Each structure stands twice: as structure tokens, then as C-alpha cells.
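A short worksheet on the structure shown next.
The values are calculated or read from the model by the stated rules, or taken from the named source; none is laboratory data. Fair warning: this is a prediction, and the values are worked out from it, not measured in the lab. Backbone-built Cβ (ideal geometry, glycine too); neighbour counts: all protein chains shown. Heavy atoms of the whole protein, side chains included, go into the accessibility calculation; ligands, DNA and RNA do not. Shrake-Rupley method; radii C 1.70, N 1.55, O 1.52, S 1.80 Å.
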Amino acid sequence: MHPSMKAEIAAREGDLRLSLLLGIAVWFLFLDHVPHNAVSALTLRNFGFSGATDLFVFVGGYIAAIVYGKMMLERGFVVTATRIFRRVWQLYAAYVVLFVIYINLIGYVARKTAAPEIIHEFNIAGILGHTIRTLIYGLLLQAKPLNLDVLQLFIVLMAFFPIVLFGMLRRPNLTAAGSIALYLAARLFDLNLSSFPEGHWYFNPFSWQLLFVLGAWFASMSAKQMQTIRTLQEISALRIAAWAYLLFALVVTAAGKFPQLAEFIPGSVLDAFLPNDKENLAPYRVLHFLSMAFLFTFLVPRNWRGFQWPALQPVVKCGEEWLAVFCGGVFLSFAGHFILITGPNLLAMHFLVSIAGISIMAAVAYYVSWSKRQDYKPALSTR
């Protein structure tokens, strides 16, 4: 193990870019999770191959490596593994509460409003004829209620993170190579987890682990490797290539939404990239995300003055308290969808629902942050 690794990991703590990106991810996930929401046209998935989920998983792996990597170096594998599993339990408990309340809420609203199509739209049709089985499979992470799949994926990724982190701190390049091998095997042999009542996971964990592990790998890089990346970012040809690929992804994605534009693009090109393979994390999605990360870290340094802007504070706070904000966003996305299908179909209503939802999510983040500070005040006063 590199003797300076502890200092290098510790030096990456407190990077507000991580909280900013995580906050953007949970906001965009909320907007994307409101079906037929016109405001969701502004989210990442409409401007290229990757989207908010890619950002969420990658940054989650990066932050996990920083938090638990330092702990493993100081306190060992056993203690760190127990802390990670405690976090997994917190995530699972949040998922169970969300799942039980969520499906009951949707079922109740469907009965009271005589709108049974909501049950099918949110993938909980099994609750009608197989209530107990749906609940059991839901507890086993095999049900597919709409908008909970990201949390299911993150629970599985965190459950195997002790092994990944152990390898990352000792043989980071070999561990990253193993992740790539698993990704290729999943795509080659169609590996995935089954779901209830049929089909497979919407986000294949055997494929999506690649972004999570890559995030941990970048967080575990040595100072020499980080300097190499900064040197590459200074090469204008590489930056131009990254911008060109992002522009290409934008054009192809737009062509999939606007048939008029598709007429100017060869059919073979569209067939290669559309429909976007989100389930198995297509290689061009990974390349698209890494291109954005390459340019973002070059354009936005760690000491960026923009972090002092009042307008960005709610985003950063939502990133710091992402779990509570994500859980709130799940219910808000359903409430927003219900309002849109029962109220007037006006563009102003779409903006109102989106702004109200994001405002409530920000309020939840500030409340959770305030509540945590109150828990520590008595101990500080006594000391």
C-alpha cells in the first residue's frame, strides 16, 4: 500500500464539486421521474447519451471511496466493513419505507380517483392480484416500482463495496481492470438480476458497477496519476475531441426526438446509438460521461468562486443530504404526476410543479442539516 495514500485521500475531502454534482443529480432525477413533464427536457439525458443516473452512481462511488477509504486505512477492513454495512442497512430501511408507503399511496389514489392506469404506469400492477408476493419480492429488491430502481441499484453496489475498497487501496489498477472485465462479461453473456413479476433489473448492476468503481478509482488515485490527468487536460486537442464527442452525442440524441433532424444523419449511425442502451450501460454512455467529467474538472476547479453564489447553495445542500432529498423526491414525483394528469395541461403548470418540487426538496435538505447540527450541540457545550 502506498504510504501517502491516506494523505492523498484526505486531501480530496471537502470538495464542494461533489456535493454540487450530487445535488444536480437528485434534482434531475426528480424532474425525469415525473412522467410527461415538459421541464424534464432540460435535464442531462436530453443532451447526450448519459444522464442523471450516471452522474449519481459515479459521484456516489467517488464519495464512498473518500469516506470509507480513509477509515479503512486508519481502522482496518473489519471496522470499515461494519460501517459500510450499517450504511447499507440505512439505505435498505429507507427503501423499505419508501416501497411500502409508495405502493399503498399509489393504490389508494388509483381507487379514489378511478384512475387504474396509474398502477400500471408506476409498475405496481402485481399488487392487484398478488399483494403478499409483491411485498415479499419488493423486500428482496426484485420488484420494479417506478422511480425506486436507482436506490435499489445503489444498495447492491454499496453491499459489495467493502471488497471493492479493499482491492482499491491495495491494487487499484487491478481492481479497476476486474470491474471492466465484469462489465464486458455482463454485456457479452447478458448477465442481469431477475425481477418480479417478469423481466430483469432496469439498471443492470453487473454493468452499472463500472461507473461506481471508476468513481472509487479516481478518488484513490495517487498524486502522480492526478498530475497526469491535469497534464492531459492541458492538451487542447484532447479537449476539442471531448467537445466534439459531446456535440455528436447531442445531435444523435436530438435526432431520436425530432424526425426532421434524423433525415440528415445516416441510418447506420442512428441504429448504432438509438435506442440508448441504458439497462446495460452502453460503452458510448460511459465515454460520454467521462468526456463531461474531463471537461468539467478542467473548467471548474476545486476553489471555484461560484461555490459562494447564493443561487448554488440549495443545490450543494441537497447534495450533502442526498438520501433524504431523494426519498422526498420519489413522493414528490408521484404527486407532481398526479397533479399534471388531473389539472389543466398547461406549460405553466409543468413549471409550477417542477419548481415547487425542487423547493420542497431544498427545504428538506436544510431541515435535515439543521436537525443534525442540533444533535451535536449538547455534546459540544458539555465539552
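Taking the stated definitions as given, is Leu146 under 30 Å from Tyr102 (Cα atoms), at pLDDT below 95 and either open to solvent by 20 Å² or more (accessible area, probe 1.4 Å) or not in a helix (DSSP H, G or I) (or both)? It is true that Leu146 is under 30 Å from Tyr102 (Cα atoms), at pLDDT below 95 and either open to solvent by 20 Å² or more (accessible area, probe 1.4 Å) or not in a helix (DSSP H, G or I) (or both).
Can you work out which of the residues in the stretch 152-171 that are assigned to a helix (DSSP H, G or I) and open to solvent by 50 Å² or more (accessible area, probe 1.4 Å) is nearest to Met221 (Cα to Cα)?
Arg170
Within the stretch 229-256, the set of residues being open to solvent by 60 Å² or more (accessible area, probe 1.4 Å) and closer than 17 Å to Arg285 by Cβ comprises Leu247, Phe248, Leu250. Quick check on my filter: what residues within the stretch 257-289 are aliphatic (A, V, I, L, M), free of Cβ contacts under 8 Å to residues at least 40 places away in the same chain and in a helix (DSSP H, G or I)? Of everything in the stretch 257-289, those that are aliphatic (A, V, I, L, M), free of Cβ contacts under 8 Å to residues at least 40 places away in the same chain and in a helix (DSSP H, G or I) turn out to be Leu261, Ala262, Val269, Leu270, Ala272.
Hey, does the stretch 296-310 have a residue that's in contact with a Gly (Cβ under 9 Å, 6 or more places away or on another chain) and assigned to a helix (DSSP H, G or I)? Checking the stretch 296-310: not a single residue is in contact with a Gly (Cβ under 9 Å, 6 or more places away or on another chain) and assigned to a helix (DSSP H, G or I).
Considering only the stretch 172-189, I want to know if a residue exists there that is charged (D, E, K, R), modelled with pLDDT under 95 and surrounded by 12 or more Cβ atoms within 10 Å (Cβ to Cβ). Checking the stretch 172-189: not a single residue is charged (D, E, K, R), modelled with pLDDT under 95 and surrounded by 12 or more Cβ atoms within 10 Å (Cβ to Cβ).
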